[in-house]
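Single-structure report; data block below.
The values are calculated or read from the model by the stated rules, or taken from the named source; none is laboratory data. As the structure is a computational prediction, the values presented were derived from the model and not from experiment. Cβ placement follows ideal geometry from the backbone for every residue including glycine, while neighbour counts extend to all protein chains displayed.
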Amino acid sequence: MLVALVGLPGSGKSSVGWHLAKRLSSNFLDSDQIITDEIACSIREYFEREGEEKFRLLEERVIAQLCLQQGVLSTGGGVVTREVNRINLKKNCYVVYLRSTPEEIYRRLKHDKGRPLLQVADPLAKLRELSQQRDPLYQACAHFVVDTSKQSMSRVINMIVMQLELAGLKSSVDLHSSSSVIEPIPES
């Protein structure tokens, strides 16, 4: 089983993914790191040199390969912009959408110069635009949504593990109490 995390840049996919994999005693896979290793430069440099379209083709190939793995997968924020990725993720993974408000993400990322889509005059406006465009796409491939805006890391991890147990994908795990709301995504 592969648990895939999707969401906007800065929603916590890499951090949550690493901690979740540790909690589940599982492999952690980070698609952006795998791509960076393959292209031998930063994603920002690749974007500038080759363009977004070429990057998305590379990402599509990497996601198809990673969907055959087991563990916890952190995806890039734009992975859902390609329908083939959404289909691959939904079919081959248990997808968790880590949702956070654009304002919270901006607070987290305002000093991060490594995010190519946020290197604009008004990054908060760009995050709001990305959220509006991508939220329906994240929801389309997600099995459930966890709001990461005001949650601690341990609470987010506990919510995900609880959902894996409820879905019959994880045997009994020692959970700390958690009373946060998880929004189920209806099948389309």
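Of the residues T75, T81, which is under 20 Å from F144 (Cα atoms), touching a strand residue (DSSP E or B) at 6+ places or on another chain (Cβ under 6 Å) and either free of Cβ contacts under 8 Å to residues at least 60 places away in the same chain or not acidic (D, E) (or both)? Step through it out loud before you land on a result.
Working: T81 fails: touching a strand residue (DSSP E or B) at 6+ places or on another chain (Cβ under 6 Å).
Sole residue among the options that is under 20 Å from F144 (Cα atoms), touching a strand residue (DSSP E or B) at 6+ places or on another chain (Cβ under 6 Å) and either free of Cβ contacts under 8 Å to residues at least 60 places away in the same chain or not acidic (D, E) (or both): T75.
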Subset of the stretch 38-68 [hydrophobic (A, V, I, L, M, F, W, C) and at positive phi]: A40
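Go through the residues of the stretch 112-129 one by one and say whether even a single one is of a type outside the set (A, V, I, L, M) and modelled with pLDDT of 95 or more. Even if it seems obvious, please write down each step before you answer.
Step one: filter the stretch 112-129 for residues of a type outside the set (A, V, I, L, M), giving 112-116, 119, 122-123, 126, 128-129.
Remaining after also requiring modelled with pLDDT of 95 or more: 128-129.
The answer is yes; a qualifying residue exists.
Can you name every one of the helices (runs of 4 or more DSSP H) wholly within the stretch 1-87 that holds 1 or more residues which are of a type in the set (F, W, Y)? Write out each step before concluding.
Details: elements: 13-23, 31-39, 43-50, 52-66.
Of the helices (runs of 4 or more DSSP H) lying wholly inside the stretch 1-87, those with at least 1 residues that are of a type in the set (F, W, Y) span 13-23, 43-50, 52-66.
What residue, of G114, G76, is of a type in the set (G, A, S) and buried (at least 17 other Cβ atoms within 10 Å of the Cβ)?
Details: G114 fails: buried (at least 17 other Cβ atoms within 10 Å of the Cβ).
Only one candidate qualifies: G76.
Given the options L66, L98, name the one that is closer than 20 Å to A167 by Cβ, at pLDDT 95 or above and surrounded by 20 or more Cβ atoms within 10 Å (Cβ to Cβ). Steps first, please.
Working: L66 fails: closer than 20 Å to A167 by Cβ.
When all the criteria are applied, what remains is L98.
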